[in-house]
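Comments concern the structure below.
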Amino acid sequence: MIARIRGEVAETGPGYVVVFAAGVGYQVFVTDRTLAAVPSIGSQVDLCTRQIVREHEIALFGFASTSERRLFDLLTTVNGLGPRLALSLIGAVGEEGVVGAILSSDYKPLVRAQGIGAKLAQRICVELADKIREESLLGRIGVGSKSPLEDVVEALVSLGIKRTEAERAAKQAGEDAETDDTAELVSRALKFAGKN
């Protein structure tokens with residue numbers, strides 16, 4: 001298993017970098033963000049990697065950090081989410097964005113990634129919520145950026161609404177809203193919280 005690669009950048013292309021290490025050129029698939037951070041050809045690069053072996057292919061996927069690689073590992077455990085889709089998701093939303101979306105059960109940011117539909121995004125949130133929470137607490141992955149829905153929940157709790165009711169109302173408000181404006185989401189959530 002190739003877990004890390006350090007060597008000279010030999011070539012770059014859309015979604016990959018070729019790293020020349022110990023006399024061998026390794027093609028490593030990376031996100032656009034990681035690719036943008038890769039130094040120019042001839043410079044040294046150090047990437048965390050995950051080697052995936054399949055029936056007709058052996059592929060290396062590269063990451064800027066061990067926490068990003070850990071998130072990739074967790075994402076690939078979701079049924080229907082292969083390594084290329086997982087890489088696409090991390091690239092489109094970012095590590096913090098993916099973690100934040102999963103922790104807040106807000107699947108909408110995840111559908112920005114090409115190939116990720118609403119059903120798969122919801123499955124990711126459901127299947128990984130507990131694992132991501134545990135990994136975040138252990139410091140193995142990023143803690144996630146705070147989503148607007150988390151702010152809505154905190155606002156409702158500060159108004160005396162029970163957290164479970166606040167989470168339910170915030171989720172309903174987020175599903176109906178076409179905005180990330182916290183004030184508007186709080187207003188909508190209060191209407192849902194008042195119905196029960």
Looks like the stretch 66-137, by Cα gyration tensor root eigenvalues a ≥ b ≥ c and the a/c under 1.5 rounded cutoff (else prolate when a/b is bigger than b/c, oblate otherwise), is rounded
Report the local net charge at Val24: Lys and Arg +1, Asp and Glu -1, summed over other residues whose C-beta lies under 15 Å from its C-beta. 0
A correct fewest-to-most ranking of Val78, Val99 by other Cβ atoms within 10 Å would be Val78, Val99
Pairwise Lys count, the chain - Cα closer than 18 Å, eight or more residues apart or different chains: 11
Residues with beta-carbon under 13 Å from that of Pro83, excluding Pro83: net charge, scoring Lys, Arg +1 and Asp, Glu -1? +2
Tally Lys/Arg at +1 and Asp/Glu at -1 over every other residue whose Cβ is under 11 Å from the Cβ of Ala59; what's the total? +2
Please compute the modelled spin-label separation between Ala36 and Glu165, points set 7 Å along Cα→Cβ, answer in nm with one decimal. 4.4 nm
Taking each full run of DSSP H in the chain as one helix, which ones are at least 24 Å long along their axis (Cα atoms) and have mean Kyte-Doolittle hydropathy of at least 0.0? none
For Ala21 and Glu96, what does the FRET efficiency come to when R0 = 35 Å and r is the distance between their Cβ atoms, rounded to the nearest 0.05? 0.75
Within the set Ala22, Ala155, Ala113, GNM on the chain using Cα springs under 10 Å gives the largest fluctuation to Ala22
With springs connecting C-alpha atoms under 10 Å apart, model the chain as a Gaussian network and identify which of Thr164, Thr12, Thr76 has the largest mean-square fluctuation. Thr164
Calculate the FRET efficiency for Ile2 and Ser158 from the Cβ-Cβ distance with a Förster distance of 45 Å, rounded to the nearest 0.05. 0.35
What is the Cα convex hull volume of the stretch 1-131 when expressed per residue in Å³? 103 Å³
With springs connecting C-alpha atoms under 10 Å apart, model the chain as a Gaussian network and identify which of Val98, Val24, Val152 has the largest mean-square fluctuation. Val24
How far, in nm, would the chain grow between Thr182 and Arg123 when pulled straight, counting 0.36 nm per residue and subtracting the alpha carbon separation? 18.7 nm
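Throughout, read-outs are computed from the coordinates displayed, never taken from laboratory work. Please read these numbers as outputs of a predicted model, since none were measured by experiment. When we count neighbours, we look across all protein chains shown, and the Cβ atoms used for this are built from the backbone with ideal geometry, even at glycine.
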